[in-house]
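The values are calculated or read from the model by the stated rules, or taken from the named source; none is laboratory data. Since the model is a prediction, treat every value here as computed from it, not as a measurement. Cβ coordinates were reconstructed from backbone atoms using ideal geometry, including for glycine residues, and neighbour counts include every protein chain displayed. Heads up: the accessible areas ignore ligands, DNA and RNA and are worked out on the full protein's heavy atoms, side chains in. Shrake-Rupley method; radii C 1.70, N 1.55, O 1.52, S 1.80 Å.
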Amino acid sequence: MTSTGTTDPTPTFSVGAQAPRSAHDRSAGRRSGMRILVTAILVVVAVYFLVPVYWVVVAATKTTQDLFATNGFVFSADFALWHNLAEVLNFQDGIFLRWFLNSVIYAGVGALFATYFAAAGGYALSKYVFRGRGFVFGLILGGVLVPGTATALPLFLLFSELGLANTYWAVLLPSLVSPFGLFLCRIYADATVDTALLEAARLDGAGELRIFHTVGLRVMTPALVTVFLFQLVGIWNNYFLPLVMLSDERLYPITLGLNNWRSQTDRLPEFYELTTGGVLLSIIPLAIAMIVLQRFWRGGLTEGSVK
């Protein structure tokens, strides 16, 4: 007698069910390979940028004799970092501290005001409609394409006529203008500053300046941080403009002062210790600024995810 209620225990397999699983495995493999490739590229880029910094740190710990007698990437037995830094800070009655303060003034004040002016100009070009707006923006794009070295000599002639050559203003005033910063702020304001939000503020009775400072600047914070860092690094590392504008050693920024020391190494080898120690001290403010301000970038990346 045959029972009709029993079931066949033999498992059945569907051929069509294997295709999606295989496609998923291939897609996961491609993503894994892409992650490995991107990670490898980032590691190479990181090494490319960090190796010079490592060399500066190692070189600043050596005496002039060890600097040429040992491998440039290996610390020597005679650790002379503190001696070198003391020599840097005390040489010529502390002239390096004067150069450091000058660079802080040029880069800090210049970057701060340049960022504010770029934000105001970019916001105005983005949110206000007026005659000639496209022409003005075209001039700004043209300014982005002009290198700073091309304008240094005309600026020197102009500042000489005004009696401002060889003064702080000769370096500070040109640093207040950032065509690239204004361009970036205009593009960022177009993408992030909602016109409806500005209209709501106007209906609440807020004036245009108040709207710009309380609404516009807050929304544009990631762009402002980017412009500020670009200006800060650019002014801090600027060499040609101070070289053309300044003749008084007390007004030199760090870049010009360190190059002045480096030019004397052939005659006085001890200037190698001063130069390497000064270079190490000169990169510390930029590293601190990058570490402190990077959180504003992270905040800007996720500000649109929550309404």
Next on the checklist: Tally up the residues in the range 239-269 that are open to solvent by less than 50 Å² (accessible area, probe 1.4 Å) and in contact (Cβ under 8 Å) with a residue 24 or more places away in the chain, please.
Outcome noted: 14
Checklist entry - Can you tell which of L224, L209, L217, L182 is over 17 Å from T151 (Cβ atoms), surrounded by 20 or more Cβ atoms within 10 Å (Cβ to Cβ) and modelled with pLDDT of 90 or more? => result L224
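Each row is one residue, and each column tells you yes or no for (1) among the hydrophobic types (A, V, I, L, M, F, W, C); (2) in a loop (DSSP other than H, G, I, E, B); (3) modelled with pLDDT of 90 or more.
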site: D8; (1), (2), (3): no, yes, no
site: A19; (1), (2), (3): yes, no, no
site: R31; (1), (2), (3): no, no, no
site: A107; (1), (2), (3): yes, no, yes
site: A118; (1), (2), (3): yes, no, yes
Item to check | Residues satisfying the stated conditions in the range 48-83, i.e. within 21 Å of A287 (Cα to Cα), outside any loop (DSSP other than H, G, I, E, B) and open to solvent by less than 80 Å² (accessible area, probe 1.4 Å) | outcome: V51, P52, V53, V56, V57, V58, A59, A60, L81
Checklist entry - Of the residues that make up the range 99-112, is at least one more than 27 Å from W236 (Cα to Cα) and without any contact (Cβ under 8 Å) to a residue 60 or more places away in the chain? => result no
Checklist entry - Within the range 113-149, which residues are of a type in the set (G, A, S), within 16 Å of T195 (Cα to Cα) and either in contact with a Pro (Cβ under 8 Å, 6 or more places away or on another chain) or exposed (fewer than 15 other Cβ atoms within 10 Å of the Cβ) (or both)? => result none
Checklist entry - Among the residues of the range 185-206, which ones are among the aliphatic types (A, V, I, L, M), within 19 Å of L224 (Cβ to Cβ) and open to solvent by 50 Å² or more (accessible area, probe 1.4 Å)? => result I187, A191, L197
Checklist outcome for this item: Pairs returned, first residue in the range 179-197 that is more than 10 Å from G121 (Cα to Cα), second residue that is of a type in the set (K, R) and part of a helix (DSSP H, G or I), beta-carbon separation under 9 angstrom, 6 or more apart or interchain, are A189/K127; D190/K127; V193/K127; T195/K127
Checklist outcome for this item: Only one of (1) without any contact (Cβ under 8 Å) to a residue 12 or more places away in the chain; (2) on the phi > 0 side of the Ramachandran plot; (3) of a type outside the set (G, A, S) does not apply to F130, and that is (2)
